[in-house]
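Notes to accompany the following structure.
The values are calculated or read from the model by the stated rules, or taken from the named source; none is laboratory data. Bear in mind the structure is a predicted one, so any value in this text is a computation, not a measurement. Here the Cβ positions follow ideal geometry from the backbone for every residue, glycine too, while neighbour counts run over all protein chains shown.
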């Protein structure tokens, strides 16, 4: 297997997540390394050509020695900058929220979701759940597996206005052009 550096692994993971969202959504606009309301987001997708639901993916960039059961903190990129806890991510302004876990080592044991993570992933009122995606970079072609399916959080005027402004001011990394 070819060894890549951390930056290349992160880029490959972003690309795999972008492909996952392109297949999952209807005509999305996808942005890599987006600044969403002042918060860096690894992959941001806005469905239906930029007027639909907002999907935000943060990559938990911890070492593989840290098990998902301990993943209360979401680490942004390789800089080690911390967004905050999973509980704080529940308040993030998007319709769908995902945490992506990267694996670049072959034959690693599968992650098991702890009861704590399952509970912390839910919105306080139960309307919305953070999804957890597993990005396997240990093979030639990266693969994304859903460990915990996301559930849609409530919409708000703030999310809609953010999306409209963001689409108007930013060039997507991927979109359907006519």
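So the values come out like this:
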{"quantity": "Within the stretch 37-59, considering residues that are free of Cβ contacts under 8 Å to residues at least 40 places away in the same chain and either on the phi > 0 side of the Ramachandran plot or not in a strand (DSSP E or B) (or both), the one surrounded by the most Cβ atoms within 10 Å (Cβ to Cβ)", "calculated": "47"}
{"quantity": "Some residue of the stretch 164-175 being closer than 14 Å to residue 59 by Cα, assigned to a loop (DSSP other than H, G, I, E, B) and under 18 Å from the mean Cα position of the chain (by Cα)", "calculated": "no"}
{"quantity": "Some residue of the stretch 68-76 being modelled with pLDDT of 85 or more, closer than 21 Å to residue 123 by Cβ and either within 16 Å of the chain's Cα centre (by Cα) or part of a helix (DSSP H, G or I) (or both)", "calculated": "no"}
{"quantity": "Flag if residue 112 is at pLDDT below 80, farther than 17 Å from residue 146 by Cβ and surrounded by fewer than 22 Cβ atoms within 10 Å (Cβ to Cβ)", "calculated": "no"}
{"quantity": "Hits in the stretch 1-36 (condition: surrounded by fewer than 16 Cβ atoms within 10 Å (Cβ to Cβ), assigned to a loop (DSSP other than H, G, I, E, B) and either touching a residue at least 40 places away in the same chain (Cβ under 8 Å) or touching a helix residue (DSSP H, G or I) at 6+ places or on another chain (Cβ under 7 Å) (or both))", "calculated": "1, 4, 26, 27"}
{"quantity": "Residue in the stretch 112-126 that is more than 20 Å from residue 33 (Cα to Cα) and touching a residue at least 60 places away in the same chain (Cβ under 8 Å) present", "calculated": "no"}
{"quantity": "Hits in the stretch 116-163 (condition: part of a helix (DSSP H, G or I) and in contact with a helix residue (DSSP H, G or I) (Cβ under 8 Å, 6 or more places away or on another chain))", "calculated": "116, 117, 120, 163"}
{"quantity": "Given (1) within 26 Å of residue 6 (Cβ to Cβ); (2) in contact with a strand residue (DSSP E or B) (Cβ under 9 Å, 6 or more places away or on another chain), index of the condition residue 163 fails", "calculated": "(1)"}
{"quantity": "Residues within the stretch 86-103 that are at pLDDT below 75 and touching a helix residue (DSSP H, G or I) at 6+ places or on another chain (Cβ under 8 Å), tallied", "calculated": "2"}
